[in-house]
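J.: First the structure, then my questions, so here it is.
The values are calculated or read from the model by the stated rules, or taken from the named source; none is laboratory data. This one's a predicted model, so the numbers in the text were calculated from it and none came from an experiment. Every residue, glycine as well, gets a Cβ built from its backbone with ideal geometry; the counts of neighbours run over all protein chains shown. Surface accessibility is based on the protein's heavy atoms, side chains included, excluding ligands, DNA and RNA. Shrake-Rupley method; radii C 1.70, N 1.55, O 1.52, S 1.80 Å.
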Amino acid sequence: QVQLVESGGGLVQPGGSLRLSCAASRSIFSLYVMDWYRQAPGKQRELVAIMPIRGGSANYADSVKGRFTISRDNAKNTVDLQMNDLKPEDTAVYYCHVSIAVNDYWGQGTQVTVSS
């Protein structure tokens, strides 16, 4: 069992930046692939970024490439999502996710609203 807690959401103007953080109840980030998803009102949850376990390159949805960066701090047991040049279409609830064996674990989500 693992608990994930997201933080860092809020209201930001278009072109602004936010940094989301996902904290886990135990050390998992060096062992498993971590993801960030988002879900906008009336839309399906979509994958935003994937953090590999070690080495390799992170993967991003086309809509956020060049603007979002996922990173991991194993010492702090967090996975962060740096979001720059935010657009109104980035407005959504953002979720941290990990799959361990046959189980999926999700955080409670953090709201990001991009509006002037």
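J.: Rank-order 57-64, 99-106 by packing density, defined as the average count of other C-beta atoms within 10 Å over each peptide's residues, highest first.
T.: 57-64, 99-106
J.: Whose amide H sits under 5 Å from the amide H of Gly109, counting only residues 5 or more places off or on another chain, with H placed in the peptide plane?
T.: Excluding prolines and chain starts, which carry no amide H, the hits are Glu6, Cys96.
J.: Hey, can you find the accessible area per residue of the range 48-112 for me, probe 1.4 Å, expressed in square angstrom?
T.: Accessible area per residue, the range 48-112: 50 Å².
J.: Can you find, among Gln82, Ala24, Gln44, the residue farthest towards the positive end of the dipole of the chain? Put +1 on the C-beta of Lys and Arg, -1 on that of Asp and Glu.
T.: Working it through, the farthest residue towards the positive pole turns out to be Ala24.
J.: Same structure, new question: Explain nothing, just compute: Karplus ³J(HN,Hα) = 6.51 cos²θ - 1.76 cosθ + 1.60, θ = phi - 60°, for every residue of the range 2-16 in order, whole Hz, x for Gly and Pro.
T.: In residue order, the calculated couplings are 9, 10, 10, 10, 8, 8, x, x, x, 9, 9, 7, x, x, x Hz.
J.: Next up: Just how large is the dipole of the chain about the Cα centre, in debye to the nearest 20, putting +1 at every Lys and Arg Cβ and -1 at every Asp and Glu Cβ?
T.: On the way: 11 positive and 10 negative charges, 32 e Å.
Using Cβ point charges on Lys, Arg, Asp and Glu, the chain gives about 160 debye.
J.: Here's something else I'd like to know. Search the structure for amide H atoms under 5 Å from the amide H of Asn59, placed 1.01 Å from N in the peptide plane, and list their residues when 5 or more places away or on another chain.
T.: Answer set, sorted by chain and number: Ile50.
J.: In the full protein assembly as shown, how much of Leu47 is accessible to a 1.4 Å probe, in Å² to the nearest 10?
T.: 60 Å²
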